[in-house]
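A.B. asks: One structure follows; several queries about it will come next.
Nothing in this text is a laboratory measurement; each read-out follows from the coordinates by a stated rule. In this text, all values refer to a predicted model and were calculated from it rather than measured experimentally. Because the Cβ atoms are built from the backbone with ideal geometry, glycine has one as well, and the counts that use them run over all protein chains shown.
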Amino acid sequence: MPDPIPFFQKTGQGQPLFILHGLYGSGDNWLSVAKELASSCEVYLVDQRNHGRSFHSDIHDYPSMAGDLKRLMDHLKIEKAAILGHSMGGKTAMRFSAENQDRVTRLIIADISPRTYSDLPSDIRQARSHETILRSLYSIDLHYVTSLGDIDIILKETIPDKQLRQFLLKNLYRNRETGFRWKLNLEVLLKSITNLNAGMESYVQTGITFTQFPTLFIRGEQSEYIREPDLTLIHQLYPLAQITTIKNAGHWLHAQQPAIFISVVKKFL
């Protein structure tokens, strides 16, 4: 039995644009960006599997998430679209565009490289951080908490960053009968950290390049996710790619410098 259609929200009119969020996120995080793009784009905010209001699955990897996007486009009868992906969503967008080159009009990748994230000290730190976050969320017995404040106090012990905790708490919903529940499929995401590190190097090894659609990489000046050495791999895969750096922004560049980010995306589209 095939997987269901991912949950999505739609706004605006014009050329179709699909936006794919990052790990722990959902389409809701991109509503303000979508509002600014709605005058010229028909924007689809997609909740990727195991996130937001989309279905849960035991499989969480980029081939599966790229397949989800293709199935959604088929369902909507959209033959071609621009794709914008941030972090995990950027990796999904790269995989989708590699497998469906004739269905992409423009590709925008926000603060993620095509490389495999496994060998560098920063990669190891990030993997450990994700494991800490997911284990912390998973360890909370939601049956015994009565408010978001209770959960925030518990998380503070392992996640001192207040902004990060507030972001994570957006993944909670409250059911009258069962109380608080996570929208995230924590167990599967914890098992899938290695899958989420996967890169696109295999395409380089076979000599495949992607020039059929304009491509833009946007990176945060203060982020470690796209380093100078990564630019070589980007240009190997996307020889015509544009690369823009947003100053005074880290990995969450669309939230830290929203006006600049939106301006860059509008200009490219």
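A.B. asks: If I take all pairs of Cα atoms in the chain, what percentage of them are more than 26 Å from each other?
C.D. replies: Details: 14585 of 36046 pairs.
Roughly 40 percent, rounded to a whole number.
A.B. asks: Say we join alpha carbon atoms closer than 10 Å with springs in a Gaussian network model of the chain; which of GLY250, GLY22, GLY89 then has the biggest fluctuation?
C.D. replies: Taking springs between Cα atoms under 10 Å, the residue moving most is GLY250.
A.B. asks: Next question, about the same structure. Counting alpha carbon pairs within less than 8 Å and at least 6 residues apart, what relative contact order, in whole percent, applies to the chain?
C.D. replies: With pairs under 8 Å counted, the relative contact order is 19 percent.
A.B. asks: Per 0.36 nm of contour for each residue apart, how much would the distance between LYS267 and LYS247 grow if the chain were fully extended, relative to their Cα-Cα spacing? Working shown, then result.
C.D. replies: Details: separation 20, 0.36 × 20 = 7.20 nm, distance 1.73 nm.
Net length gain for the segment: 5.5 nm.
A.B. asks: If you don't mind, there's one more thing I want to ask. Using the basic label-point model (7 angstrom from Cα toward the beta carbon), what is the ASP161 to ARG181 distance in nanometres?
C.D. replies: Taking the two extended label points, one gets 2.9 nm.
A.B. asks: Now, a different point. For VAL43, VAL265, VAL188, what ranking results if the residue with the fewest other Cβ atoms within 10 Å of its Cβ goes first?
C.D. replies: Values: VAL43 28, VAL265 24, VAL188 17.
Placing the least packed residue first, the sequence is VAL188, VAL265, VAL43.
A.B. asks: Still on this structure, please answer the following. What number comes out for the charge environment of GLY52, summing +1 per Lys or Arg and -1 per Asp or Glu over other residues with Cβ under 10 Å away?
C.D. replies: Net charge in that neighbourhood comes out at +2.
A.B. asks: Work the Kirkwood hydrodynamic radius out for segment 121-193: mean of 1/r over every pair of different alpha-carbon atoms, inverted, in Å.
C.D. replies: Computed over segment 121-193, the radius equals 12.9 Å.
A.B. asks: Ok, one more. Among ARG128, ARG115, what is the fewest-to-most ranking by other Cβ atoms within 10 Å? Each step should come with its number before you reach the end.
C.D. replies: Numbers: ARG128 11, ARG115 24.
Listed from fewest to most nearby Cβ atoms, that is ARG128, ARG115.
A.B. asks: Once you've got the Cα coordinates, tell me which of LYS10/LYS170; LYS91/LYS266; LYS10/LYS70; LYS170/LYS267; LYS247/LYS267; LYS10/LYS191 are over 23 Å apart.
C.D. replies: Beyond 23 Å between Cα atoms: LYS170/LYS267; LYS10/LYS191.
A.B. asks: Using just the helices of the chain, give the 222 nm mean residue ellipticity in deg cm²/dmol: DSSP H runs with n ≥ 4 each add -39,500 (n - 2.57), and the total is spread over all residues, rounded to 500. Mind dumping the intermediate values first?
C.D. replies: Details: 12 runs with 108 residues, N = 269.
The per-residue figure over the chain is -11500 deg cm²/dmol.
A.B. asks: While we're looking at this one, here's another question. Taking the Cα centre of segment 117-177 as origin, work out the dipole magnitude from +1 charges on Lys and Arg Cβ and -1 charges on Asp and Glu Cβ, in debye rounded to 20.
C.D. replies: Dipole size: approximately 180 debye.
A.B. asks: List the GluC sites (Glu not before Pro) within segment 9-82 that DSSP assigns to loop and that have no more than 15 neighbouring Cβ atoms inside 10 Å.
C.D. replies: Answer in residue order: GLU79.
A.B. asks: Hey, what do the phi angles of segment 34-47 turn into as Karplus ³J(HN,Hα) couplings, whole Hz, using 6.51/-1.76/1.60 and θ = phi - 60°, x for Gly and Pro?
C.D. replies: Each residue of segment 34-47 in turn: 4, 4, 6, 9, 5, 6, 10, 10, 8, 8, 10, 9, 9, 8 Hz.
A.B. asks: Right, here's the next one. May I ask you to derive the relative contact order of segment 121-193, considering only C-alpha pairs under 8 Å and at least 6 residues apart, and to give it as an integer percent?
C.D. replies: Computed value for segment 121-193: 35 percent relative contact order.
A.B. asks: Using modelled backbone amide H atoms (1.01 Å from N, in-plane), which distant-in-sequence or interchain residues come within less than 5 Å of CYS41's amide H?
C.D. replies: The list, which skips near neighbours in sequence, is GLN13.
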